[in-house]
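S.K.: For reference, the structure I am asking about is given below.
The values are calculated or read from the model by the stated rules, or taken from the named source; none is laboratory data. Predicted, not measured: the structure shown is a model, and the values here were computed from it. Methodologically, a virtual Cβ is constructed for each residue, glycine included, from the backbone with ideal geometry; neighbour enumeration extends over all protein chains shown. For accessibility, only protein heavy atoms count, side chains too; no ligands or nucleic acids. Shrake-Rupley method; radii C 1.70, N 1.55, O 1.52, S 1.80 Å.
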Amino acid sequence: MSLLSQNVRTKNEVVKSKREVEDEVENNDSLKVRKRKKKIEGEELAVEQVNEMKKLESFLFGSLYSPVEFGKEDEEAELGKAAEKVPDLFFTDRSADSALSVYQKEDADLSEGSRGHDDELALQRKAVWVDDEEENATVNIAKVFRLRKLRKVENEELISGSEYVSRLRAQHVKLNPGTEWARADSKMDRGSDDELTDDENEVFVSRGFEDLDGVLKTNEDLVVKSGGKLLPGNLEYSRLVDANIQDPSNGPINSVQFHQNAQLFLAAGLDRKLRFFQIDGKRNAKIQSIFLEDCPIRKASFLPDGSQVIVSGRRKFFYSFDLVKARVDKIGPLVGREEKSLEDFEVSPDSKLIAFIGNEGYILLVSTKTKQLVGTLKMNGTIRSLAFAENGQQLLSGGGDGHVYHWDLRTRTCMHKGVDEGCLNSTALCTSPSGTHFAAGSDSGIVNIYSREEFLGGKKKPIKAIENLTTRVDFMRFSHDSQILAICSGMKKSSLKLIHIPSYTVFSNWPPSNRSLYYPRCIDFSPGGGFMAVGNASGKVLLYKLHHYQHA
């Protein structure tokens, strides 16, 4: 037998193999059909589940997917017929009717006569739910810091639950004042007065805005501001990200100050860099830094109008940085003077003069426009501190003779001279923005707070002597509303105190007991009082949020 004859398959085997192939094809086709049926059944099941969920949600929460209509079947049939005739561009929204139907019971109780007086009487609906435990519960608002703002008197502690709820509502209204036109019970003044109505155009003026001419002629803020008084005792604050976190200084910080827009902030120190930051309390992004090669910075200050920055050091000259033109000018030495240092100065509130501390009791007055010496003042002994008052028309000075001088800058004469009680060497002066008070610090650490009117009238006794510092007073600053006075000494760690001016007491919870301020050297408050910045000798600018104030 040959090899070919051995490998040839019989006719039955060939037919059998063909049948097997056909069976496999049929099985594959049936399998595909089954999979397709299962897929369709799964999709139908998913659609049914979604429909069931929508029905359940509509049953629990109302008409979420289609507006619920109330009425007879006849009305529904009529609406269906009308819908067939009306084009699909329009539809009837009955969601408002369904919402109002909830109160049909209450509306039925109102008589037709009362409905006619809707303009005179507002609908008063009962509360949906009342907590009976409010009257029995008591809340201690003095124990929690964030609840102390709800106190009406200083020593108030326990209040009832209902009173607590009402005060929270009042606090919310105070922080979020609504508009008159949005209130449900507000009435538009539809009188016949020609000043309030326009018969032709039917224009009505809301209550509180009748005097439109007065609103347009004033530059006062239209936004209602919080005028609450700061309470003594504890100060509510929180620590934020350092103001110079993106570029810390390599040396002690000698000057920190907020711009009048409350966002731009400068920090300067002995590392010869003037840095600018945008303060938001979260990132405090760095804007720019300027390196002054020949001047370790002792003091830097914005002009009150925000146009320039004056920078000085222990040098015969000083620098002026124009914020608009981004240009740095070097000024000095001053003509006719031989001062070796112009490191300490003050800028007048009207941005017209810069007062430098000179030699032998001289005060050098320099114009901010021309940067030229325009006059000098001379006091007895050495001079250590300066402060402007009366919007730049008066100047206070103190020094080694223990006296406080009041200068009239219009006549360039000394209008008053008085002894600072208990002071042998004055080291710091500060006047309140309101002009009613001034504070004088000495090398013994005592800070005397005076009333300017009484001091100029001959009364030399201070209102209060603050004795909480034990080393030389280096820096003082009032807040924008004159309710806080910050005093510090750079010779001792955490030697920074905040004084509540109306009561002339020190806040007991400042400085923080669990944190060190290191050696504080300078302080500043933002224009709205919301931020407080503290520069220290380690090159950091600590930033705090004062919760009593709503604006930065």
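S.K.: Could you list, in their original order, any pairs among LYS152/LYS545; LYS149/LYS229; LYS330/LYS371 whose Cα atoms are separated by more than 20 Å?
M.R.: Correct reply: LYS152/LYS545.
S.K.: To the nearest 10 Å², what's LEU31's accessible area with a 1.4 Å probe?
M.R.: Rounded to the nearest 10, that gives 80 Å².
S.K.: Between ARG314 and GLN260, how high is the FRET efficiency from 1/(1 + (r/R0)^6) when r is the Cβ-Cβ distance and R₀ = 30 Å? Nearest 0.05.
M.R.: Numbers: r = 28 Å, r/R0 = 0.95.
Computed FRET efficiency for ARG314 and GLN260: 0.60.
S.K.: Moving to a separate point now. Determine the alpha carbon to alpha carbon distance for each of LYS417/LYS459; LYS299/LYS340; LYS459/LYS497 and list only those over 18 Å.
M.R.: With Cα atoms farther than 18 Å apart: LYS459/LYS497.
S.K.: Follow-up. Given contacts defined as C-alpha pairs under 8 Å and at least six residues apart, what's the relative contact order of region 237-546, whole-number percent?
M.R.: Relative contact order, region 237-546: 15 percent.
S.K.: Using a 7 Å offset from the Cα along the Cα-to-Cβ direction at both SER434 and ASN468, what is the distance between the two label points in nm, to one decimal?
M.R.: Result: 1.9 nm between the two label points.
S.K.: How much of the accessible area of region 237-546, in percent, comes from carbon and sulfur atoms when a 1.4 Å probe is used?
M.R.: On the way: 5890 of 12710 Å².
The C+S portion of the solvent-accessible surface of region 237-546 is 46 percent.
S.K.: In square angstrom, what is the accessible area per residue of region 237-546 with a 1.4 angstrom probe?
M.R.: 41
S.K.: Here's a follow-up. Please label the shape of region 237-546 as rounded, prolate or oblate, based on the square roots a ≥ b ≥ c of the eigenvalues of the alpha-carbon gyration tensor (a/c under 1.5 means rounded; beyond that, a/b larger than b/c means prolate, else oblate). It would help to have the intermediate numbers written out before the result.
M.R.: Working: a/c = 1.63, a/b = 1.07, b/c = 1.52.
In terms of gyration-tensor shape, oblate.
S.K.: Considering all alpha-carbon pairs of region 400-450, what whole percent are spaced by more than 12 angstrom?
M.R.: Of the Cα pairs, 64 percent sit more than 12 Å apart.
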